[in-house]
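S.K.: Input: one structure, supplied below.
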Amino acid sequence: MALLTVRPGTRTAAPDDADDGPGPRSQTSHTTARGIPGGVEAEDAAPAGELARLLFGQGVEREEIHGRWRRLIAHETFRHTPDRSPAQQAAQAYDWLRLLNDNLADPLSLAGDPELLASLHEWAAIVDGGGSLCTVASIHYNLFLGSLLDHEADARRDLSEFTSLRRIGTFLCTEVDHGNDSSTLETTAELDRETGEFILHTPHPGAQKFMPNTSTTGGPKTAVVAARLVVDGQDQGVFLFLTPLSDERGLLPGVKVRRLPLRQGAPVDHCVTAFDRVRLPREALLEAEHGRLGRDGTLASNVGNRRKRFLQSIGRVTMGKLCMSGAAVGASRAALAIAVRYGQHREVGGPKAGERIPVNSHRTHHSRLLKSLAMAYATTFLHRSAVTAWAQHTEENRSDVERLVAVTKGWITWQARSITAEARERCGAQGLFAVNALIGFPEYVEGTITAEGDNLLIWSKAAAELLFGHEAASGTAEPAGPEALADPRYLRGLLSRVEAVWQARARVALRRGPSKDPVARWNKSSTAAMEMVAVHAPLRAAEVFIEAAERATHPEARSLLEKLCALFLLDQLAGRTGDLLAEGHMSAEQVRELPFVLDDLMDDLAPHMTTLVAAFDLPDEYLSAIPIANSGSVSLADYAGATEYTGFAY
């Protein structure tokens, strides 16, 4: 199988024939028998290319970060396989992982490159069974190899088995009794002073590790295990321990694994795992400044708080949030590209006898897709901003960036749930067939909502921090007429006032709560505080959306982005006009006019839907393998590999 070699961390020039975005050469070939475009017309290729540049970058940067994965998923091995069982799909994920790894010059560079790692998830998530691939890749490269990189290297530790995938890495943190409260986990690693070894042990069933991929599917595995370090009976906090789980003959002594049921959307060999006094060598402990164990058993740490030591140990979860939101962003864009293309060639009866028109012609149909498109652009721009912030963060701003990443992950994955479900619904019964790709996206997105920190929990933490650690805009919006409702900058100002309203309400509620009951006090303010975060996220997205529009050099692309951004903001404001009106930030005239401004934006954007999705730059090979993404001239049964026809002629 010949595939292109990708080289993380090596910034080389793009090939001479590299395509810097959708253009006449790659995007105008998809037309139906009636000449209705499935991609874009030649005159629309330039704005589509400019939009793609703003979404994915350009030149060497785009080639290095996105081009390699785009080429990889174009390969036929990632196409839909009919009648594959969940168990087969779970096993297939490891074959794909090895294929991916074979195309890496340096897997450790991938683990250490936030932009490249996040983009891998954007593209891998959209292929058939991509949720399974994303899951095992995220665990191996980010949580496993990344954790090894984030701790001090041990000269006795050879990583070649993991970088070559002779052994697959996994990550064991949460337990049956400890999910969101994993800092209280109970697995222990006790120092044996006589041998210098650690004894890894699961003290009771509730301390079993839940739910990492620890079975023998995929080959021998090694885990990074979060366990409570115990020295002379003293609990020193949670640290990570490098722990072999299996070899070519099966599970190693003392390792007990029970498979969990395969979940829908992204089947992976999830398991419950326990340890029965497994002995680990001294170098199994992953050490860094937050914790280093001396030969005399004394712990040296620059962090005095055990909870903070735990958070330092599992710091890779922050990057994991960016991986999950990247997968959700990629799934959202792919789902919309398929739905828009289908709506362009799917014809229904028109107003005249015998007339047929695309279903995309109807406002009831395309308005939902356009709002989802506006959201997909907004989530993509916010994700780019969050990844860059994390890649460039310093110790001084780390906590602020971690909060941004958490807010971004929660908002993007929740929006992806709505986008992918909407795209599926807009394709009707056709959207229910696995070969048409759409039915799998919402199921996988559900996993991203929970993975690397349950959304509700991480937003609760962010809300508490933003309540007094962030100052929302104050004052009254400048007086303006209805015409200002088409201006993204003005609309962003209105949304910032909404954030301030909810922040003020949350602060008042907190002061009214019982002072000696922290839970009751937080309960009083949490509703308003969570609404504040729900506004804070799209507000940050609007900022980078507007900046992207200002960077556009093609006039039509800039116009499309500004209108799309206005649509996004109006959709955010539509349900919040009561607050704005009550606080004097909007006039009654503006509130009455808002629906008409929305309609005008729909009128302007509807003819350009195929341009907007062409900018998502999905490979032709990927789209051509999805029946409803094309003209429909190929029977769905042909894609399923049907060979028998009874009573019908085609």
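The values are calculated or read from the model by the stated rules, or taken from the named source; none is laboratory data. Given the structure is predicted, the values throughout are model-derived calculations rather than measurements. Reconstructed Cβ throughout: ideal geometry from the backbone, glycine too, with neighbour counts over all protein chains shown. Just the protein is used for accessible areas: all its heavy atoms, side chains included, with ligands, DNA and RNA removed. Shrake-Rupley method; radii C 1.70, N 1.55, O 1.52, S 1.80 Å.
S.K.: Restricting the search to the range 313-352, which residues are within 15 Å of V445 (Cβ to Cβ) and among the polar types (S, T, N, Q)?
M.R.: Scanning the range 313-352 gives S325, S332.
S.K.: Determine whether the range 409-422 contains at least one residue that is surrounded by fewer than 17 Cβ atoms within 10 Å (Cβ to Cβ) and acidic (D, E). Spell out the reasoning first.
M.R.: Restricting attention to the range 409-422, the residues satisfying the condition of being surrounded by fewer than 17 Cβ atoms within 10 Å (Cβ to Cβ) are 418.
Next, only the ones that are acidic (D, E) stay: none.
Within the range 409-422, not a single residue is surrounded by fewer than 17 Cβ atoms within 10 Å (Cβ to Cβ) and acidic (D, E).
S.K.: Residues in the range 308-318: is at least one open to solvent by 40 Å² or more (accessible area, probe 1.4 Å), of a type outside the set (K, R) and assigned to a loop (DSSP other than H, G, I, E, B)? Steps first, answer last, please.
M.R.: Let us first name the residues in the range 308-318 that are open to solvent by 40 Å² or more (accessible area, probe 1.4 Å), namely 308, 311-312.
From the residues that got through so far, the ones that are of a type outside the set (K, R) too are 311-312.
Add one more test, that the residue is assigned to a loop (DSSP other than H, G, I, E, B), and what stays is none.
For the range 308-318, residues open to solvent by 40 Å² or more (accessible area, probe 1.4 Å), of a type outside the set (K, R) and assigned to a loop (DSSP other than H, G, I, E, B): absent.
S.K.: Here's a follow-up. If only one of A226, A207 is among the aliphatic types (A, V, I, L, M) and buried (at least 24 other Cβ atoms within 10 Å of the Cβ), which one is it? Please lay out each step first, then the result.
M.R.: Details: A207 fails: buried (at least 24 other Cβ atoms within 10 Å of the Cβ).
A226 is the lone residue from the list that is among the aliphatic types (A, V, I, L, M) and buried (at least 24 other Cβ atoms within 10 Å of the Cβ).
S.K.: Inside the range 529-550, can you point out the residues that are farther than 14 Å from L404 by Cα and open to solvent by 10 Å² or more (accessible area, probe 1.4 Å)?
M.R.: Answer for the range 529-550, where residues must be farther than 14 Å from L404 by Cα and open to solvent by 10 Å² or more (accessible area, probe 1.4 Å): M530, E531, I546, E547, E550.
S.K.: Conditions: (1) open to solvent by 60 Å² or more (accessible area, probe 1.4 Å); (2) touching a residue at least 60 places away in the same chain (Cβ under 8 Å); (3) of a type outside the set (A, V, I, L, M, F, W, C); (4) part of a helix (DSSP H, G or I). T553 meets all but one. Number of the miss?
M.R.: It fails just one condition, (4).
S.K.: While we're on this one: Restricting the range 556-577 to residues that are more than 15 Å from L491 (Cα to Cα) and out of contact with any His (no Cβ under 7 Å at 6 or more places or on another chain), which is least open to solvent (accessible area, probe 1.4 Å)?
M.R.: A557
S.K.: Additional query: Among (1) at pLDDT 95 or above; (2) touching an Asp or Glu at 6+ places or on another chain (Cβ under 6 Å), there is one condition G410 misses while meeting the rest; what is its number?
M.R.: Evaluating G410 over (1) at pLDDT 95 or above; (2) touching an Asp or Glu at 6+ places or on another chain (Cβ under 6 Å) leaves (2) as the failure.
Yes/no matrix, rows are residues, columns are (1) over 29 Å from Q89 (Cα atoms); (2) at pLDDT 95 or above; (3) of a type in the set (F, W, Y):
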{"site": "L240", "(1), (2), (3)": "yes, yes, no"}
{"site": "P244", "(1), (2), (3)": "no, yes, no"}
{"site": "R249", "(1), (2), (3)": "no, yes, no"}
{"site": "R258", "(1), (2), (3)": "no, yes, no"}
{"site": "P261", "(1), (2), (3)": "no, no, no"}
{"site": "Q264", "(1), (2), (3)": "no, no, no"}
{"site": "C271", "(1), (2), (3)": "no, yes, no"}
{"site": "V278", "(1), (2), (3)": "yes, yes, no"}
{"site": "E283", "(1), (2), (3)": "yes, no, no"}
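S.K.: In addition: Identify, from the list R497, R505, R521, the residue that is over 26 Å from Y377 (Cβ atoms), more than 24 Å from the chain's Cα centre (by Cα) and either modelled with pLDDT under 95 or open to solvent by less than 50 Å² (accessible area, probe 1.4 Å) (or both). Please lay out each step first, then the result.
M.R.: Values: R497 fails: over 26 Å from Y377 (Cβ atoms); R505 fails: either modelled with pLDDT under 95 or open to solvent by less than 50 Å² (accessible area, probe 1.4 Å) (or both).
None of the other options fit; the residue is R521.
S.K.: Which is modelled with pLDDT of 95 or more and among the β-branched types (V, I, T), of T646, T577? Before the answer, list the steps.
M.R.: Numbers: T646 fails: modelled with pLDDT of 95 or more.
Being modelled with pLDDT of 95 or more and among the β-branched types (V, I, T) holds for just one of T646, T577, which is T577.
S.K.: Scanning the range 217-250 for residues that are touching a residue at least 24 places away in the same chain (Cβ under 8 Å) and in a loop (DSSP other than H, G, I, E, B), which turns out farthest from R167 (Cα to Cα)?
M.R.: Per the stated criteria, the residue is D232.
S.K.: Right, next: What is the number of the single condition among (1) at pLDDT 90 or above; (2) surrounded by fewer than 15 Cβ atoms within 10 Å (Cβ to Cβ); (3) not in a helix (DSSP H, G or I) that S474 does not meet?
M.R.: Going through (1) at pLDDT 90 or above; (2) surrounded by fewer than 15 Cβ atoms within 10 Å (Cβ to Cβ); (3) not in a helix (DSSP H, G or I) one by one, S474 breaks only (1).
S.K.: Restricting the search to the range 252-283, which residues are open to solvent by 10 Å² or more (accessible area, probe 1.4 Å) and among the charged types (D, E, K, R)?
M.R.: Result: K256, R258, R259, R263, D276, R277, R279, R282, E283.
S.K.: Name the pairs: first residue in the range 357-377 and of a type in the set (K, R), second residue part of a helix (DSSP H, G or I), Cβ to Cβ under 6 Å, at least 6 apart or on different chains?
M.R.: Taking only residues 6 or more apart or on different chains, the pairs are R368/E422; K371/D571.
S.K.: Which residue, of L457, L485, is farther than 30 Å from Y342 by Cα, open to solvent by less than 50 Å² (accessible area, probe 1.4 Å) and part of a helix (DSSP H, G or I)?
M.R.: L485
S.K.: Give G431, G453 a once-over and let me know the one that is within 25 Å of the chain's Cα centre (by Cα) and at negative phi.
M.R.: Values: G453 fails: at negative phi.
Answer to the selection: G431.
S.K.: Criterion first (part of a loop (DSSP other than H, G, I, E, B), modelled with pLDDT of 95 or more and not small (G, A, S)) does T214 satisfy it?
M.R.: Values: part of a loop (DSSP other than H, G, I, E, B): yes; modelled with pLDDT of 95 or more: yes; not small (G, A, S): yes.
Taking the combined requirement at face value, the residue satisfies it.
S.K.: Next up: Could you look through the range 202-239, keep only residues that are more than 24 Å from G453 (Cβ to Cβ) and of a type in the set (A, V, I, L, M, F, W, C), and pick out the one that is farthest from the chain's Cα centre (by Cα)?
M.R.: V231
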